[in-house]
Amino acid sequence: MSVEAHIKKVLHTIESQSPGQKEFYQAAHEVLYSLMPLLKEDERYDYFNILERITVPERTIIFKVNWVDDHGRIKTNFGYRVQFNSAIGPYKGGLRFHPTVNLGIVKFLGFEQVFKNALTGLQIGGAKGGSNFDPKGKSDNEIMRFCQAFMTELYPYIGETQDIPAGDIGVGPREIGYLFGQYKKITRQFEGVLTGKDIKWGGSNARKEATGYGSVYFAENILNKYGESLEGKRCCVSGSGNVAIYTIEKLYEMGATPVSCSDSKGTIYHENGIDLNSLKAIKEINYQSLEVYAQVHPDAVYTPVSHYPDGRHMVWDIPCDIAFPSATQNELNLEDAKKLVDHGCMLVNEGANMPTTPKAMEYLKEKGVWFGPGKAANAGGVTTSQLEMSQNASMAKWSFEEVDIKLRQIMRNIFDTAYETSVEFDCEGDLVSGANISGFRKVADSMIDQGSV
C-alpha cells in the first residue's frame, strides 16, 4: 500500500469511528498529510502501525457533572478528559469551559497537544479536557460549585506523574483555584497536579503571559530569519483573553503597534494602537464586552459580529503587516486570507489552536505569506506550565525575568527545530510540515521504543 493510500485509510477510519467530530478530523488530516516525506523515507512507522495508534487516544473519560445554582436548582453538564498520548511523559494539557465544548473539540485539542508538547523538548505527553459549562453570567459561588463537582469526577484520573491539567478558554486562575482546592480536600495532597495556580500557592511567574509572549517571540524568530523584525509593524490581533492581551503587551515591548482585538460580540479597531490598560480593565477586572472600550475611546471603531453574517470576522479586514489569530479554532477563513493578502500582510502567526482553515492556509502558502502554526507558535503556555511543574517538584520559585528568559529560549529552540526539519525534508520554510514531522518523529520513536503499549 502506498503512503498516500495508507493515510487515506487511517483518515477514513477516523471519520467512520468518530462521526461528527469535524475538528478532530481536520487536525488529523493536516498532520498526517504533512508527514508524507517522513513516512516515505522511514518504513518503521508503517511496520509498527504508528498512524493507527497515534490517532487513537490512550484513554477517553466522559462524565456527568451535577452542580447547584444560586436558586437551589440542580444543573447538569458534560465533562471530558482525553488522555491522548503519554509516550514521552505524563499527560499535559488544558481544561476548557465553554458551551461549544464536545468530544470532537477535546479530541482535536488533545491530538494537537501531543505534537506541541513534543516540540518544546520537555518530557510531557498530550491531553485535553473540559466541559460545556459556560462561566459567563455565573456568580463566583456557582463557578466554585461547578468546579468542585467537576474535580470530584476528574480527580481519580490525574496526578503529578500521571496527568497535569492546566487552564484554557473559560478556565483562569479563579477556576484553577477552585479545582485545586477540591482536589486537595479529596486527596489530602498538596501537589503540583494543576498548573496555572496563583503565585501565592505554587504558581509560576509569567504563566498568565506565557502563551501571548511566546507567540510574539516565535513571530520575531520568523521575521529575523528573513531579515525583518517587529519594529514598526502594524499588527492585527483577534481575541481578548490571556493570549490576545499578552500578545498585545509584548508587541508593544517589541516596537510593534497592535491595532485590534475582539470578543464574541464584536471587534475593536483602534488606529493609534489598542490601549492596553483599558483592555485589561474591561476584560480582566470587570469582565465586560468590548463595546465598553469604544465608549471609553471614541476614536476607536467597534463593529458587532452581526455586521458579518457570513461567518467572517471584521479583524481581518483591517490592513496590517502581521496577523495574530488568537481567539479560537477556524476563525480565519479563505475570504479573510484573501483580505490579508490584498492588504500586504507578510505573516500570519497562530496564537490560538488551529485558528486558520485548511483552504485559508493553502491560499496563504500559495501567496508566499509566512506562517507560524499554532502547535509551534502558541507553545509558550504549556512550556511555562512545565516550568511551573519543575518549580513545584524542587520547591523553588523563579523570578519573572528567569522564567521569561527560559520561555524566549525555548520558543527559539522550537522555531529552529521546525525550520531545520523543513530543510531536512526539502520544504524549507514550511513550518507546518517542519513542526508536524519533528513532533511526530519524537513521539513515534518513543512509542516504538516502548513496544505495544
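No value in this document is a laboratory result; all are computed from the given coordinates. All of these numbers come straight from a predicted model, not from anything done at the bench. Cβ: placed from backbone, ideal geometry, glycine included. Neighbour counts: every protein chain shown.
A compact table of results
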{"quantity": "Least to most buried among ILE410, ILE199 (fewest other Cβ within 10 Å first)", "calculated": "ILE199, ILE410"}
{"quantity": "The stretch 268-290 residues near the modelled TYR252 label - backbone nitrogen below 12 Å, point 7 Å along Cα→Cβ", "calculated": "273-281"}
{"quantity": "Residue exposure sequence - PHE133, PHE180, PHE425 - by fewest surrounding Cβ within 10 Å", "calculated": "PHE425, PHE180, PHE133"}
{"quantity": "Stretch gain in nm, segment LEU103-ASP69, where the contour uses 0.36 nm per residue and the Cα spacing is subtracted", "calculated": "9.8 nm"}
{"quantity": "The stretch 1-153 - percent relative contact order, Cα under 8 Å, separation 6 or more", "calculated": "24 percent"}
{"quantity": "Within the chain, helix-based [θ] at 222 nm, where runs of 4 or more DSSP H residues each add -39,500 (n - 2.57), nearest 500", "calculated": "-14500 deg cm²/dmol"}
{"quantity": "Shape category assigned to the chain from the gyration tensor of Cα positions, a/c cut at 1.5", "calculated": "rounded"}
{"quantity": "Theoretical gain in end-to-end length, ASN277 to ASN224 [0.36 nm per residue, Cα-Cα removed]", "calculated": "16.2 nm"}
{"quantity": "Within the chain: Cβ-based charge dipole about Cα centre, in debye rounded to nearest 20 (Lys, Arg +1; Asp, Glu -1)", "calculated": "1420 debye"}
{"quantity": "Full-extension gain in nm, LYS136 to GLU366, via 0.36 nm per residue minus C-alpha separation", "calculated": "78.8 nm"}
{"quantity": "Considering only the chain, percent of DSSP beta bridges that pair antiparallel, nearest 5", "calculated": "60 percent"}
{"quantity": "For peptides 30-41, 184-195, sequence by mean Cβ density within 10 Å, most packed first", "calculated": "30-41, 184-195"}
{"quantity": "Cα gyration tensor category, rounded, prolate or oblate, for the stretch 210-368 with a/c compared to 1.5", "calculated": "oblate"}
{"quantity": "Efficiency of FRET from Cβ geometry, ASN49 and SER306, R₀ 60 Å, rounded to 0.05", "calculated": "0.75"}
{"quantity": "Paramagnetic label zone (point 7 Å from Cα along Cα-to-C-beta, ALA393; backbone N under 13 Å) in the stretch 178-207", "calculated": "192-193"}
{"quantity": "Sequence of TRP316, TRP67 once ranked by neighbouring C-beta atoms within 10 Å, starting from the fewest", "calculated": "TRP67, TRP316"}
{"quantity": "Where no second cysteine Cβ lies under 4.7 Å, the cysteines concerned in the chain", "calculated": "CYS147, CYS235, CYS261, CYS345, CYS427"}
